[in-house]
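> Before we start, here is the structure in question, set down as structure tokens.
The values are calculated or read from the model by the stated rules, or taken from the named source; none is laboratory data. Not measured: the values here are computed from a predicted model. So basically every Cβ, Gly included, is an ideal-geometry build from the backbone, and we count neighbours across all protein chains shown. The protein model used for the area step is the full one, side chains on, heavy atoms only, and it has no ligands, DNA or RNA in it. Shrake-Rupley method; radii C 1.70, N 1.55, O 1.52, S 1.80 Å.
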Amino acid sequence: MTHTLYSAYAEKIDAVLAALEAEGALPAGTNRANVSVEPPRDPSHGDLATNAAMVLAKPAATNPRALAEKIVEHLQRDPAIVSAEVAGPGFINLRLAPETWTSEVAAIADLGDDYGKSAMGKGTRVNVEYVSANPTGPMHMGHCRGAVVGDALASLLEHAGHEVTREYYVNDAGGQVDTLARSTHLRYREALGEDIGEIPEGFYPGEYLVPVGQAAAEEFGDRFQNEPEAEWLPLFRAFAVERMMEVIKSDLAMLGIKHDVFSSEAALQAAKKPEAAEMWMREHDLVYDGVLEQPKGKTLEDWEPVELPLFRSTKFGDDQDRPIKKSDGKWTYFGADLAYHMQKAENADALIDIWGADHAGTVKRIKAAVAAMSEGQSEEGRKPIPFDVKLVQMVQLLRDGEPAKMSKRSGNFVTIADMVEEVGKDVVRFTMLTRKPEAQMDFDFAKVVEASKDNPVFYVQYAHARICSILRKAAEEGIAPSGEQLDLLGEDELTLVKQAAQFPREVEAAARAREPHRIAFYLYDLAAAFHAFWNLGNDDSQKRIIVAQQPELSAARLFLAVQIGQVIRNGLGILGVEAVEEL
RNA sequence: GCGCCCGUAGCUCAGUCGGAUAGAGCAUCGGAUUCCUAAUCCGGAGGCCACAGGUUCGAAUCCUGUCGGGCGCACCA
């Protein structure tokens, strides 16, 4: 059952509008889709505001304020609405009875960890694919943002009532894994005592392959030391990929990320999925044999026209049709990816990919492919698959203001492991989640380490720690939180409750927009409201949470504090950040 | 040349399917602690929301164009 106080009032207002239609004050069948019910930005305006009169004045052939008066007249009959006033150009501001808010506190207590969960998603299955870093080395900071955003989005969608699969696509079939295998073989020879000198061009130079070479030496002895490449390449490829995936999984674990499914591109190809996809596409005239034009704006010396199997992505707004196979007969990345998305669609009602902005150029073609597939399949009686690609913009990595390289080729990069060890998982996650993902961000390693003490994550965690602290203190004094007399709570407390009561609404809005960063900002605001409430006690000891002479009031305030802590914990849970008990 | 993303306070960023006087943090200036954690709070100063048009009761938000920054534009991955 979806619990949001705001949706309950949206229904009440809708009922009033329906009544006005029945009375003839509004024309029958008026479109009410644009009517909003939300808390006003300025709390002094009231608890709730609706724009109904302004939106509907035109169809009602009247002016907004006159219509507003009629709506207000109806709303005032509701005992839970203390006041309803027309303001400004025709807003209607409502104030709700204190009991509405105190019962919300009780609702938080009843629902506990479930407060904020929603049935909005109706249990539909969403597949979220994120990270999917190539298995050729440890994870670096370039992967971090997509990893954290994807993971938080997955939790957010779960809270909003979806059944979520967290998936990682392992690109273990392209040329880059051959390079990995060769680089590993080099380190293997090194481990067997050869002097390999400088790592030559075209090999991965990173130190992280040294232990992989040693492991290979233990595994294979000197069997492949002087053998031709054909003898060992597939074996070393599988061996190295498996080790790299262990490294990546352990890096992800440091960030608190765990995927449900790892899909291998090599396995996909071995199962002939791309062939099946191609056949289906050809049957539907979506793939044909053709020749690409020379790319514009770029001169390629060795360009020559070749006939390749092309997907008709121009039919879906792409600049150019895209090859699914290379001239050597192997699948392109896109060809395999297309089959991969068909596979994912078999077990999901919606697909979401989280990609780095450097792949923005390929969004159109994959969206085109999924749209084509979806369209074709819905003609065959299957449900179309909504598909969304969320682009996470680049993180510009700086070291003391200077751009830092982060390529695996050079081996010089800031790894996620380094970062987490330095500042902690919570700082890394919160930093990545306190900005919208489609804006670029700078990430200065030195600055973040230095400024980690000022990180907003501690502000939120401190609020939670304070709540835990006050409970310890109360226990010492023999006062237990109690929801028995919440009517003792006054204006100051209700201000805090109103902030907390936004949480379920915020979860739904964030999930609908697929923007987990909204939860981070919401928690910051809630923490601010709590800190402000706490500090009232510094000016006036009667406003402290524990007031020795007033045990009932103290018990009610403690109960409130516990519920605020609950909401903070639930929110941090979505973001994958710890709610600490002490700071 | 083309495509995608961004442009809001000195800096880093929020801004609810378009809503009332555009908000935080940092930095800066001034205050608050004999007492529940001062990693906190309260206040001051700081804005042509890049620019120009358009859409409408209403635009930081939507549309068009210009300028500026980033990313991409192989049969790579």
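> Restricting to region A:26-46, and then to whatever is of a type in the set (A, V, I, L, M) and loosely packed, with under 15 Cβ neighbours inside 10 Å, can you tell me which residue is nearest to RNA strand B (Cβ to nearest atom)? Before the answer, list the steps.
So the first thing to find is which residues in region A:26-46 are of a type in the set (A, V, I, L, M), and the list is A:26, A:28, A:33, A:35, A:37.
With the extra rule that they be loosely packed, with under 15 Cβ neighbours inside 10 Å, the set shrinks to A:28, A:33.
On the way: A:28: 21, A:33: 6 Å.
Top of the filtered list is A:33.
> Just one of A:356, A:361 is open to solvent by less than 80 Å² (accessible area, probe 1.4 Å), at pLDDT below 90 and within 23 Å of residue A:176 (Cα to Cα); which is it? Spell out the reasoning first.
Values: A:356 fails: at pLDDT below 90.
Result: A:361 is the single residue among A:356, A:361 that is open to solvent by less than 80 Å² (accessible area, probe 1.4 Å), at pLDDT below 90 and within 23 Å of residue A:176 (Cα to Cα).
> Identify all residues within region A:546-583 that are within 8 Å of RNA strand B (Cβ to nearest atom) and open to solvent by 70 Å² or more (accessible area, probe 1.4 Å); write none if there are none.
Within region A:546-583, A:581, A:582, A:583 qualify.
> Now, a different point. Quick check on residue A:293: is it touching a residue at least 12 places away in the same chain (Cβ under 8 Å), assigned by TED's automatic domain parsing to the domain that holds residue A:167 and touching a Gly at 6+ places or on another chain (Cβ under 9 Å)?
no
> Then there is this: So, of the residues in region A:406-425 that are at pLDDT below 70, of a type in the set (Gly, Ala, Ser) and part of a loop (DSSP other than H, G, I, E, B), which turns out to be most open to solvent (accessible area, probe 1.4 Å)?
To start, the set of residues in region A:406-425 that are at pLDDT below 70 comprises A:406-412.
This time we only want the ones that are of a type in the set (Gly, Ala, Ser), so: A:407, A:410-411.
Filter once more, so that each one left must be part of a loop (DSSP other than H, G, I, E, B): A:410-411.
Values: A:410: 68, A:411: 35 Å².
Ranking the candidates gives A:410 first.
> Any residue that is aliphatic (A, V, I, L, M), at pLDDT 95 or above and near RNA strand B (Cβ under 8 Å from one of its atoms) - is there at least one of those in region A:510-528?
yes
> Name the helices (runs of 4 or more DSSP H) wholly within region A:206-311 that hold at least 3 residues that are open to solvent by less than 20 Å² (accessible area, probe 1.4 Å)? It would help to see each step written out before you state the result.
Details: elements: A:210-220, A:229-254, A:265-270, A:273-283.
Output list reads A:210-220, A:229-254, A:273-283.
> Only one residue in A:506, A:491 is of a type outside the set (Gly, Ala, Ser), open to solvent by 10 Å² or more (accessible area, probe 1.4 Å) and more than 12 Å from RNA strand B (Cβ to nearest atom), so which one is that? Steps first, answer last, please.
Values: A:506 fails: more than 12 Å from RNA strand B (Cβ to nearest atom).
That would be A:491, the only listed residue that is of a type outside the set (Gly, Ala, Ser), open to solvent by 10 Å² or more (accessible area, probe 1.4 Å) and more than 12 Å from RNA strand B (Cβ to nearest atom).
> Among the residues of region A:469-482, is any near RNA strand B (Cβ under 8 Å from one of its atoms) and buried (at least 17 other Cβ atoms within 10 Å of the Cβ)? Before you say what the answer is, go through the steps one by one.
Looking only at region A:469-482, we keep the residues that are near RNA strand B (Cβ under 8 Å from one of its atoms), and these are A:469-470, A:472-474.
Next, from what is left, pick out any that are buried (at least 17 other Cβ atoms within 10 Å of the Cβ): A:470, A:474.
Yes: one or more hits.
> Right, another one. Quick one: which of A:480, A:465 is of a type outside the set (Ser, Thr, Tyr), in a loop (DSSP other than H, G, I, E, B), on the phi < 0 side of the Ramachandran plot and touching a residue at least 12 places away in the same chain (Cβ under 8 Å)? Let's see the steps before the verdict.
Numbers: A:465 fails: in a loop (DSSP other than H, G, I, E, B).
After ruling out the rest, the residue left standing is A:480.
> Could you tell me whether region A:535-545 includes any residue that is within 12 Å of RNA strand B (Cβ to nearest atom), within 34 Å of the chain's Cα centre (by Cα) and open to solvent by 10 Å² or more (accessible area, probe 1.4 Å)?
Kept after step one, since they are within 12 Å of RNA strand B (Cβ to nearest atom), are these residues of region A:535-545: A:535-545.
Retained after the next criterion (residues that are within 34 Å of the chain's Cα centre (by Cα)): A:535.
So of that shortlist, the ones also open to solvent by 10 Å² or more (accessible area, probe 1.4 Å) come out as A:535.
Within region A:535-545, one or more residues are within 12 Å of RNA strand B (Cβ to nearest atom), within 34 Å of the chain's Cα centre (by Cα) and open to solvent by 10 Å² or more (accessible area, probe 1.4 Å).
> When the residues of region A:167-216 are filtered to those that are among the hydrophobic types (A, V, I, L, M, F, W, C) and within 16 Å of RNA strand B (Cβ to nearest atom), which remaining residue is nearest to residue A:274 (Cα to Cα)? Spell out the reasoning first.
Taking region A:167-216 and keeping what is among the hydrophobic types (A, V, I, L, M, F, W, C), we get A:170, A:173, A:177, A:180-181, A:186, A:191-192, A:196, A:199, A:203, A:209-210, A:212, A:215-216.
Next cut, within 16 Å of RNA strand B (Cβ to nearest atom) only: A:170, A:173, A:177, A:180-181, A:203.
On the way: A:170: 16, A:173: 13, A:177: 19, A:180: 24, A:181: 24, A:203: 29 Å.
Result: A:173.
> Sticking with this one: Can you go through A:123, A:90 and tell me which one is modelled with pLDDT under 90 and either in the same structural domain as residue A:340 (by TED's automatic domain parsing) or not hydrophobic (A, V, I, L, M, F, W, C) (or both)?
On the way: A:123 fails: modelled with pLDDT under 90.
Unique residue meeting the criteria: A:90.
> Which of the residues spanning region A:510-534 are over 20 Å from residue A:466 (Cβ atoms) and either crowded, with 18+ Cβ neighbours inside 10 Å or of a type in the set (D, E, K, R) (or both)?
A:510, A:511, A:512, A:514, A:515, A:516, A:517, A:518, A:519
> Scan A:344, A:367, A:383 and give me the residue that is among the basic types (Lys, Arg), open to solvent by 30 Å² or more (accessible area, probe 1.4 Å) and modelled with pLDDT of 90 or more. Outline the logic, then answer.
Numbers: A:344 fails: open to solvent by 30 Å² or more (accessible area, probe 1.4 Å); A:383 fails: modelled with pLDDT of 90 or more.
That would be A:367, the only listed residue that is among the basic types (Lys, Arg), open to solvent by 30 Å² or more (accessible area, probe 1.4 Å) and modelled with pLDDT of 90 or more.
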